[in-house]
Amino acid sequence: MSRRRARPQIPHYKTSILNGRRQGHFSQHLHQNNSRLLPRPPIMEVETAAHTQPREQQQLTSADVAAKPLHRNPRLVLSFFLMVVGWACGPLLLRDYFVHGGNRKWLSSLLQTAGWPILIAPLIASYFSRRRRSTTTTPVFLMSIRLLAACAVVGLTTGLDNFLYAYGMASLPVSTSSILMATQLAFTAGFALLLVRQRFTAFSVNAVLLLSIGAAMLGVNGGGDRPAGVTRTEYYMGFGMTLGAAALYGLILPVMELSQAAHLARTGSAVTYTLVMEMQLVIGSSATVFSLIGMIVNNDFHVIPREAREFGLSKTSYYALLVGSALVYQLFSLGMNGAIIYGSALLGGVIMTVLIPVTEVLAVLFFHEPFTGIKGIAVALSVWGFVSYFYGEIRTHAQQSAKPSNIEQLDGPGDSSVHAV
């Protein structure tokens, strides 16, 4: 009698979201086997759909996650690197556009997502690689229709968020806008608690509070670093728009995590970086369409040639700045998506926050922005919050690392629990 195949399992930290009980990144879950399965020795590996897939589509299992802390996961390391490049350079390039005469907010909003075509080449290469290794029909896309629709909605929302951020960037110094965007962590934490049942520890709560206090201090000091030529009304409008962008971004991240978790639970598909790139392509293209509509309504396409001729640097530098901004922001978005799918929305927000000191230093060096004591305290609180979060993650991993041995003791010779690894 042939043995019945077990259904493919998705990573445990995503199934727990759908069960409404967030147990952390490294918790272990036992799944009861059907009584018609043949008796097996303890901890016996069973064949799943993931075993029949190409090697690059092999499923990321709970054992893999438990064996590697966050800082040793190569996919998370890659995502962190992309976020570093994007978030350290993107705000500087965008602010440089406004400093030297640029004034098109819808255009600057477009730049934050217009780099999505760079994902087409690696996606094509991934498809032919999967096709070469597969013995069955290879789907062109790993995404389901539902996930594609969810990403399209997220993309349109991202387009609105980019416009709010660009509006704030036009009136605020880079250092101030970056610290204000760090408040997205507080919004991310709140929405993650409501949408994906994010489990909080004393360390993660401490991180959120510290970042919120830092932003509040900047609000009290509002107007003290107002750029030349910016009125007080424009400054506070930019301040409010940036806070609105942070709040909306805090909603987008948990929605992305929830959409990914639902897709993995429904299809049992593999967790690969190809899926990350497909999602980012849909999100980026949808947000770009949103910004293009805004540019058409605002008549930006007729103004761009004249703005390029009058740009403070040169016409060539103008277009080079636009292309560079689009590329680095796309790297950041791809890295953020990877941090969410291989970690969580809260982790992505924390990584974004820790990059604030880098942006602060670069803004002082390139734009000679004033670095007041209030900003220094806000940066210190941000770093403190980051250290607190990751210290809590390290402690959680250390506590969970001893659990596999306890789980193994539950599987006796006659036990029928299935371990899909």
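Within the stretch 381-393, restricting attention to residues that are in contact (Cβ under 8 Å) with a residue 60 or more places away in the chain and open to solvent by 20 Å² or more (accessible area, probe 1.4 Å), the residue that is farthest from Thr176 (Cα to Cα) is Glu393. Take Phe191 and decide whether it is in a loop (DSSP other than H, G, I, E, B) and farther than 22 Å from Gly102 by Cα. So Phe191 does not fit the description; no. Residue count for the stretch 70-108 under the criterion of being polar (S, T, N, Q), more than 22 Å from Val276 (Cα to Cα) and buried (at least 19 other Cβ atoms within 10 Å of the Cβ): the result is 1. Within the stretch 124-161, the set of residues being surrounded by fewer than 20 Cβ atoms within 10 Å (Cβ to Cβ) and assigned to a loop (DSSP other than H, G, I, E, B) comprises Ser134, Thr135, Thr136, Thr137, Thr138, Pro139, Val140, Phe141, Ser144.
Residues being within 16 Å of Cys151 (Cα to Cα), buried (at least 21 other Cβ atoms within 10 Å of the Cβ) and of a type in the set (Val, Ile, Thr) are entirely absent from the stretch 236-243. Can you find, within the stretch 195-208, the residue that is nearest to Ala245 (Cα to Cα) among those that are open to solvent by 30 Å² or more (accessible area, probe 1.4 Å), part of a helix (DSSP H, G or I) and in contact (Cβ under 8 Å) with a residue 40 or more places away in the chain? Taking the candidates together, the pick is Leu195.
Among residues of the stretch 350-372 that are in contact (Cβ under 8 Å) with a residue 24 or more places away in the chain and of a type in the set (D, E, K, R), those with a Cβ under 6 angstrom from a residue that is open to solvent by less than 30 Å² (accessible area, probe 1.4 Å) and part of a helix (DSSP H, G or I), sequence gap 6+ or separate chain, pair up as Glu360/Ser175; Glu360/Val379; Glu369/Ser175; Glu369/Ala363. Exactly one residue among Val289, Val271, Val276 is of a type outside the set (Lys, Arg) and assigned to a loop (DSSP other than H, G, I, E, B), and that residue is Val271.
Listed residues Leu180, Leu164, Leu172, Leu185; which is more than 18 Å from the chain's Cα centre (by Cα) and surrounded by 24 or more Cβ atoms within 10 Å (Cβ to Cβ)?
Values: Leu180 fails: more than 18 Å from the chain's Cα centre (by Cα); Leu164 fails: surrounded by 24 or more Cβ atoms within 10 Å (Cβ to Cβ); Leu185 fails: more than 18 Å from the chain's Cα centre (by Cα).
Answer to the check: Leu172.
Val282 meets all of the listed conditions (1) under 27 Å from Leu248 (Cα atoms); (2) open to solvent by less than 10 Å² (accessible area, probe 1.4 Å) but one, namely (2).
The values are calculated or read from the model by the stated rules, or taken from the named source; none is laboratory data. Treat the numbers as computed from the prediction; the structure is a model and nothing was measured. We place every Cβ from the backbone using ideal geometry, glycine too, and count neighbours over all the protein chains shown. Heavy atoms of the whole protein, side chains included, go into the accessibility calculation; ligands, DNA and RNA do not. Shrake-Rupley method; radii C 1.70, N 1.55, O 1.52, S 1.80 Å.
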